[in-house]
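To keep things clear, I will list the structure first and then write my remarks on it.
The values are calculated or read from the model by the stated rules, or taken from the named source; none is laboratory data. Remember, predicted model here, so these are calculated numbers, not experimental data. Neighbour counts are summed over all protein chains in view; Cβ atoms, including those assigned to glycine, are modelled from backbone coordinates with ideal geometry.
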Amino acid sequence: MPMSLADARFLFQRALGLCHRGLVSLRTRGWGASWQRVKSQFHRVPAEQRAGLYFPDAAPFAPFAVPDADTPRASIVIPVFNQFAHTLVCLRALAEHPPQAGVEIIVVDDGSSDETTTALPRIKGLRYHRRATNGGFIAACNDGAALARGDFLIFLNNDTVPQPGWLDALLGTFDTHPDAGLVGAQLLYPDGRLQEAGGVVFADGSGWNYGRFAAPDDCRYAYLRDCDYASGAAIALPRSLFAGLGGFDTRYAPAYYEDTDLAFAVRQHGKRVLYQPAARVVHVEGVTAGTDTGSGIKAYQVRNRERFAAKWQAALQRQPAAGTMPSPAVVHARDKQVLIIDALTPRPDHDSGSLRLVNLIRLLQEDGAHVVFLPSNREHVGTYTAALQQLGVEAWYAPGAQRAPGWLREHGPRFDTILVSRHYVAREFLLLLRRHAPQARIVFDSVDLHYLREQRGAEMAGDPALLRAAARTRAQELAVIARADVTLVVSDSERELLAKDAPKAQVEVLSNLHQLSGPGQPFAQRRDLVFVGGFRHPPNVDAVRWFVEAVFPLVRARLPEVTFHCIGSNVPGQIAALAQHAGVIVHGHLPDIAPYMDGARIGLAPLRYGAGVKGKINLSMAHGQPIVATTCAVEGMHLRDGTDVLVADDAEGFADAVVRLYQDGDLWQQLSANGLDNVASHFSLDAGREVVRRVLLRTN
């Protein structure tokens, strides 16, 4: 598209604005902070780290249609004043990639004199409203909100290009975070660099676009988080909340600081203001108002900052001082900050340790902590890393995360508590943590006592080499326990063992953490047997082989119609080969196992060795699915044989227990109900909350 006179004028005004803002910054912030901002302005982001963006094809205007739901969930309000070419691009983007949610689009024309007045009424589905006189951005937005029918209001600038999926990400935030009151998008420059990852407000009322000119996927800016404000270029909030707050405050008319003021009002109302990085919107900053705060409408920014500072004087006392360069430490300075280090990023649909860790993170967040996660391999694991970020976890990975010494040198001083999972990870990190985070409490999370598991496996195999390896693991694990401030184990039996093996250590029990799913289908509608467990864990390999080869033939002789479903990731050849047995289905990893938890009649835990508590048992019981298990499998789980679970250790006894439970509806119902009670009492989030508060947050 050739450069127009308006485009040239915009670039000229931007240059003037940069000069003016630079002088103001020198006067108000000093040389140091101003130089940091200049460096960020000219920071080069490699092309491969910039966002891949969608833009509609440029073409002359011709009538088209935009989404128009009869009962919209959201109303998109777009205020416009001339700049038809930008409005057209914005509307085409909305038309070409409509959201899944039902929407209506309301364009409020604030007195345009260009093609806006003749072209927009020809767009099918668009609600076009022309104001009688030009009143400015605030008046246009408030008019649009008054016309809206949706449950949510979306304020969207006309100089934006919403990216596919943007609106569903904004609205989805309210579903996953019911305490959200206002959600802002990730704003991007047309060249793919970050423009804003939520705003920071300083004590003098001035603001800063956090992340400006950085890479959009930079670890510092790629997670959901609370922010001081979100730019009104693309924000969402409940329509009832906007109305209850009186809309955009007209004291800031015609424009500027109304979005910042709204965010502070939402927070005062008891709701959160969130930045959603998954909602990407390209914003051609300054198209309408320019960038020079010394003249034109942009001059209202200076005046309105004073009005904003006067209105929110008390709240601003808690904000960082003007001139502070925002960083993760600064934006979370009022939070308790907890660092979690583990070998790998958790994959909660693969193993119980991951599920426990994710639910532990939820507990920390529910008590107001900010959680930072660093995998020792520094890998971004696709949807699993993204899932942590959507929980609000500041997840780090290469290239953003330096190697551990450099990363901890920079970030270590901000943490109140550091939790390190698994002894082989803790061995690597403990010295660095003591050096770079001396103020932090170091908590070692054993996950399960590895040396106990290895020792039992070696004894069952009768292998002297494995016994020697288990002894080495014991020495290493006990050394870590001795150097940590607190050690977490998952059962009372492991705490009792450490009372003998590490008598001077402070040991606390934080067991598996599960959310109750309910009773699932009733006895009569359930069928078959199921085992769930990842096969990187050697005890699971041994358990399934033993069950299929020694136990299942005895079960099938009496229940010929029954099928055994084997579910778990990283299936080795020896497990895959078991599918050759009649009635055995080896599924491998399944993203959604709920149909088997709610629909299979019995869950199995035929473990012959291991340590810790067994997530597979908790998982089944949380779905109302009774369990047949070995003595090893139920160790430390507060379960009574015949009342909460059936227990057997030899093939004949295990098969008898399976057949009995499969055929006895009354026994099945008793175990189902008692299993749900067991999870609620010992393995729910509520059951673990007190330990988390006392050990990790030190709140009681």
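Just one of the numbered conditions (1) at pLDDT below 95; (2) in a helix (DSSP H, G or I); (3) among the β-branched types (Val, Ile, Thr) is not true of Val613: (2). Residues in the range 618-664 that are touching a Ser or Thr at 6+ places or on another chain (Cβ under 9 Å) and in a helix (DSSP H, G or I): Asn618, Leu619, Met621, Ala622, Phe654. Screening the range 292-311 for residues that are in a loop (DSSP other than H, G, I, E, B) and surrounded by fewer than 19 Cβ atoms within 10 Å (Cβ to Cβ) and picking the one that is modelled with the lowest pLDDT gives Ser295.
Of all positions in the range 438-451, at least one carries a residue that is exposed (fewer than 15 other Cβ atoms within 10 Å of the Cβ) and either small (Gly, Ala, Ser) or modelled with pLDDT of 95 or more (or both). Scanning the range 337-352 for residues that are small (Gly, Ala, Ser) and either farther than 22 Å from Asn540 by Cα or buried (at least 24 other Cβ atoms within 10 Å of the Cβ) (or both) turns up just one, Ser352.
Would you point out which residue out of Leu554, Leu516, Leu559 is at pLDDT below 95 and more than 17 Å from His589 (Cα to Cα)? Every option except Leu516 fails the conditions.
I'd like to know if the range 78-94 contains one or more residues that are of a type in the set (Ser, Thr, Tyr), more than 27 Å from Gly246 (Cβ to Cβ) and in a helix (DSSP H, G or I). Yes, the range 78-94 has at least one match. Exactly one residue among Pro178, Pro99 is of a type outside the set (A, V, I, L, M), within 24 Å of Gln389 (Cα to Cα), surrounded by 15 or more Cβ atoms within 10 Å (Cβ to Cβ) and in the same structural domain as Arg280 (by TED's automatic domain parsing), and that residue is Pro99. Filtered by the rule that a residue be surrounded by 15 or more Cβ atoms within 10 Å (Cβ to Cβ) and either in the same structural domain as Pro626 (by TED's automatic domain parsing) or of a type outside the set (A, V, I, L, M) (or both), the range 478-491 gives Arg483, Thr487, Ser491.
So, Leu607, is that one touching a strand residue (DSSP E or B) at 6+ places or on another chain (Cβ under 8 Å), surrounded by fewer than 19 Cβ atoms within 10 Å (Cβ to Cβ) and assigned to a loop (DSSP other than H, G, I, E, B) or not? Here the answer is no, as Leu607 does not meet what is asked. Residue by residue through the range 235-250, note down the ones that are under 17 Å from Gly184 (Cβ atoms) and part of a helix (DSSP H, G or I). Within the range 235-250, Arg239, Leu241, Phe242 qualify.
Residue check: is Gly642 surrounded by 21 or more Cβ atoms within 10 Å (Cβ to Cβ) and not assigned by TED's automatic domain parsing to the domain that holds Leu357? Criteria not met by Gly642. For Ile567, state whether it is hydrophobic (A, V, I, L, M, F, W, C) and touching a residue at least 40 places away in the same chain (Cβ under 8 Å). No; evaluated as a whole, the condition is false for this residue. Have a look at Glu635, Glu549 and point out the one that is among the acidic types (Asp, Glu), under 24 Å from Glu652 (Cβ atoms) and within 36 Å of the chain's Cα centre (by Cα). Exactly one of Glu635, Glu549 is among the acidic types (Asp, Glu), under 24 Å from Glu652 (Cβ atoms) and within 36 Å of the chain's Cα centre (by Cα), namely Glu635. Residue count for the range 505-528, restricted to those that are in contact with a helix residue (DSSP H, G or I) (Cβ under 7 Å, 6 or more places away or on another chain) and more than 22 Å from Ile361 (Cα to Cα): 6. The residue that is farthest from Glu561 (Cα to Cα), among those in the range 506-526 that are surrounded by fewer than 19 Cβ atoms within 10 Å (Cβ to Cβ) and touching a Leu at 6+ places or on another chain (Cβ under 7 Å), is Glu508. Taking first residues from the range 116-129 that are in contact (Cβ under 8 Å) with a residue 24 or more places away in the chain and partners that are of a type in the set (Asp, Glu) and part of a loop (DSSP other than H, G, I, E, B), the Cβ contacts under 6 Å between residues at least 6 apart in sequence or on separate chains come to Gly125/Asp68. Screening Ala333 against (1) surrounded by fewer than 18 Cβ atoms within 10 Å (Cβ to Cβ); (2) closer than 30 Å to Ala622 by Cα leaves a single unmet condition, (2). Of the residues making up the range 407-427, those that are over 13 Å from Val371 (Cβ atoms) and in a strand (DSSP E or B) are Val420, Ser421. State all residues of the range 452-475 that are closer than 26 Å to Leu510 by Cβ, surrounded by 15 or more Cβ atoms within 10 Å (Cβ to Cβ) and of a type outside the set (D, E, K, R); if no residue qualifies, say none. If the condition is that a residue be closer than 26 Å to Leu510 by Cβ, surrounded by 15 or more Cβ atoms within 10 Å (Cβ to Cβ) and of a type outside the set (D, E, K, R), then Leu452, Gln455, Gly457, Ala470, Thr473 are the ones that fit.
Filtering the range 665-683 for residues that are surrounded by 15 or more Cβ atoms within 10 Å (Cβ to Cβ), at pLDDT below 95 and among the β-branched types (Val, Ile, Thr) leaves a non-empty set.
For Met460, the criteria (1) in a strand (DSSP E or B); (2) modelled with pLDDT under 90 hold in every case but one, which is (1). Residue-level analysis places Ala321 among those that are surrounded by fewer than 17 Cβ atoms within 10 Å (Cβ to Cβ), in contact (Cβ under 8 Å) with a residue 40 or more places away in the chain and in the same structural domain as Ala253 (by TED's automatic domain parsing).
Residues that are touching a residue at least 60 places away in the same chain (Cβ under 8 Å), under 18 Å from the mean Cα position of the chain (by Cα) and under 19 Å from Ala333 (Cα atoms) do not occur anywhere in the range 372-383. Tallying residues that are aliphatic (A, V, I, L, M) and in contact with a Ser or Thr (Cβ under 8 Å, 6 or more places away or on another chain) within the range 117-141 yields 3. Residue check: Val647 meets all listed conditions (1) buried (at least 16 other Cβ atoms within 10 Å of the Cβ); (2) over 26 Å from Glu454 (Cβ atoms) but one, namely (2). Pick from the range 181-193 the residues that are of a type in the set (Gly, Ala, Ser) and in a strand (DSSP E or B): which of them is surrounded by the most Cβ atoms within 10 Å (Cβ to Cβ)? So, considering only residues that are of a type in the set (Gly, Ala, Ser) and in a strand (DSSP E or B), the one surrounded by the most Cβ atoms within 10 Å (Cβ to Cβ) is Ala185.
Considering every residue within the range 151-158, establish whether at least one is more than 18 Å from Phe242 (Cβ to Cβ) and in a strand (DSSP E or B). Scanning the range 151-158, I find no residue that is more than 18 Å from Phe242 (Cβ to Cβ) and in a strand (DSSP E or B), so the answer is no. Please indicate, with yes or no, whether at least one residue in the range 336-346 is assigned to a helix (DSSP H, G or I) and either out of contact with any Gly (no Cβ under 9 Å at 6 or more places or on another chain) or aromatic (Phe, Trp, Tyr) (or both). No; the residues of the range 336-346 include none that is assigned to a helix (DSSP H, G or I) and either out of contact with any Gly (no Cβ under 9 Å at 6 or more places or on another chain) or aromatic (Phe, Trp, Tyr) (or both). For the subset of the range 159-215 comprising residues that are out of contact with any Pro (no Cβ under 6 Å at 6 or more places or on another chain) and of a type in the set (Asp, Glu), which member is nearest to Ile78 (Cα to Cα)? Here the answer is Asp159.
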